[in-house]
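The values are calculated or read from the model by the stated rules, or taken from the named source; none is laboratory data. Since we're looking at a predicted model, the values are computed, not measured. All Cβ positions, even for glycine, are placed from backbone atoms using ideal geometry, and neighbour counts span all protein chains on display.
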Amino acid sequence: MTWFQQSKLALAAHTHLARDALHIHVALILFFGAMLLFRWRATQWKPWLVVLAVVLLGEAWDVRDTLARHGTVHWPAHWQDIWNAMAWPSVILLLARYTRIFGKGR
């Protein structure tokens, strides 16, 4: 098992969260962290794209590890991970851009 997989399992064990829940939490930390670090707004695509890039890289790494370990990739599980990670950043982006819930709106 690679250090990446071991790290994910250790984080899940330490936080007592399911791996699906970890995808959601990490995505929100990335989304808001990028906003704070780079002074971006929730209405901009940039923080959403940071999350997407990290999620896709992480899933690509998972696929690579799966192929190296036993050669059978369960694609629906990887799509579920992407969906879980991107759902709330997408909702926040759309609400920030197209409603007044976070302030001015359009």
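Points to keep in mind about this one:
- Sole exception among (1) under 23 Å from Leu11 (Cα atoms); (2) surrounded by 11 or more Cβ atoms within 10 Å (Cβ to Cβ); (3) not hydroxyl-bearing (Ser, Thr, Tyr) for Arg41, by number: (1)
- Verdict on Trp79 being of a type in the set (A, V, I, L, M, F, W, C), out of contact with any Ser or Thr (no Cβ under 8 Å at 6 or more places or on another chain) and in contact (Cβ under 8 Å) with a residue 12 or more places away in the chain: no
- Within the set Thr2, Thr66, Thr15, Thr72, the sole residue that is out of contact with any strand residue (DSSP E or B) (no Cβ under 9 Å at 6 or more places or on another chain), hydroxyl-bearing (Ser, Thr, Tyr) and within 30 Å of Leu95 (Cβ to Cβ) turns out to be Thr15.
- Selection status of Asp65, at negative phi, in contact (Cβ under 8 Å) with a residue 60 or more places away in the chain and within 12 Å of the chain's Cα centre (by Cα): no
- Among the residues of the range 1-32, the ones that are surrounded by 14 or more Cβ atoms within 10 Å (Cβ to Cβ) and small (Gly, Ala, Ser) come to 2 in all.
- Exclusive hit being of a type outside the set (Asp, Glu), in contact with a Phe, Trp or Tyr (Cβ under 9 Å, 6 or more places away or on another chain), farther than 19 Å from Met1 by Cα and modelled with pLDDT of 95 or more, set Leu49, Leu37, Leu28: Leu28
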